[in-house]
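Structure record follows, encoded as structure tokens.
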Amino acid sequence: MFNTSDQVLARLRVQQEAGQDTETDIREHMTRLMLSKTKLMFFKTHKCGTSSLVSILYLYGIRRNLNFLLTPYQHQLFNDLPVQQLPRGETHDILCQHHRATYGLDFYRPDKIHPLLPREDTLYFTILRNPREQFFSNFIFFKHAETLQKKLRLPTTSLDTTISSYLKSLPSNIITCNNIINPMSFDLGFTAFRKTLETADRDFQIAYFIKYLETEFDYVMMTDRFDEGLVVLTKLLRWKTDDIAYIRKMSRSVGDDTDKGETDRDENQISETTWQLLEHHNVVDIRIYEHFSKKFDNLLINFYFDRGTKIKIRRTKTLTVGSYKTLS
């Protein structure tokens, strides 16, 4: 499923010795993307503010009569089922929904996607969110507290006690990666990926996984700089500004002040001791976020924007069937 050949390992070592990307490297990489990519593969990570971006991609594709990659009679892609068949001579153009499987595991499967959306003419991109915010949003949204309280037979409904009890039940010297701990890495396939590196220590597994993600995804957006990320996307795909006007969807706290008070109140129930324990176990998500956050900053500074530039995208206030109206 994953390419962990000696050639890739050698490339990892070369990249580690080379250090950070230079301004020239960034410009050359992004210019190649702008010239070569005509199809889109957006990998939808859970609770990273992806619904707004998916609405943009759907509207873009519908306006241009593009073909979406989906499972028949489903609004998602089930990676272990046949995909929607197209008329002879047509190809799939966009994938922008969760990758699921009928046996219950949701994670990125490059072996399934590459034949349908070839790497050479497809922009592969995804989005990451601050791990603390993403963990909490994911934990609340999927009601993991109720599940863990029953599983651990806890006599309390305290969020802090529930989370800390679960974290203390995990092995401290082994990476846990599931839909609760390191959930973004789980989505991106770390659990399956690390099986090819079982004898390596955890730092090497994480570093190697990051380099794998760099080779797999052309562009990684950041939820906390969502509007800036959209502007970069317009440059990569040669879109118009109107193509990225959006309605915020499924928002709990990401840039939405109406939910901020509730979110802060809930998060304040978690003690600093529990957050520190979470940081120990959530290490894969933290490392990949920190790596790609720095890379995103370099992209903004070196390729598109002057330092300190403020970007604000117009958001739509109305959306009706058959039309899309943008209001300032």
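The values are calculated or read from the model by the stated rules, or taken from the named source; none is laboratory data. Here the structure is a predicted model, which means the values were calculated and not measured. Reconstructed Cβ throughout: ideal geometry from the backbone, glycine too, with neighbour counts over all protein chains shown. Remember, those area values only see protein heavy atoms, side chains included, never the ligands or the DNA or RNA. Shrake-Rupley method; radii C 1.70, N 1.55, O 1.52, S 1.80 Å.
Of the conditions (1) open to solvent by 40 Å² or more (accessible area, probe 1.4 Å); (2) at pLDDT 90 or above; (3) more than 25 Å from Y208 (Cα to Cα); (4) under 17 Å from the mean Cα position of the chain (by Cα), T273 clears all except one; give me its number. Unmet condition: (4).
Mind listing whichever residues of region 26-54 are of a type in the set (S, T, N, Q) and either at pLDDT 90 or above or open to solvent by 40 Å² or more (accessible area, probe 1.4 Å) (or both)? Correct list: T31, S36, T38, T45. When F107 is tested against (1) farther than 27 Å from Q205 by Cβ; (2) surrounded by 15 or more Cβ atoms within 10 Å (Cβ to Cβ); (3) modelled with pLDDT under 90; (4) among the aromatic types (F, W, Y), exactly one condition is not met: (1).
Just checking, does region 115-124 include any residue being at negative phi, in a loop (DSSP other than H, G, I, E, B), acidic (D, E) and open to solvent by 50 Å² or more (accessible area, probe 1.4 Å)?
Checking region 115-124: not a single residue is at negative phi, in a loop (DSSP other than H, G, I, E, B), acidic (D, E) and open to solvent by 50 Å² or more (accessible area, probe 1.4 Å).
Scanning region 145-169 for residues being surrounded by 15 or more Cβ atoms within 10 Å (Cβ to Cβ) and not in a helix (DSSP H, G or I) gives a total of 2. Every condition in (1) among the acidic types (D, E); (2) under 29 Å from S51 (Cα atoms); (3) surrounded by fewer than 22 Cβ atoms within 10 Å (Cβ to Cβ); (4) more than 15 Å from the chain's Cα centre (by Cα) holds for E228 except the one numbered (3). Anything in region 170-207 that is part of a loop (DSSP other than H, G, I, E, B) and open to solvent by 70 Å² or more (accessible area, probe 1.4 Å)? List them, or say none. Of everything in region 170-207, those that are part of a loop (DSSP other than H, G, I, E, B) and open to solvent by 70 Å² or more (accessible area, probe 1.4 Å) turn out to be S172, N173, I174, N179, E198, T199, D201.
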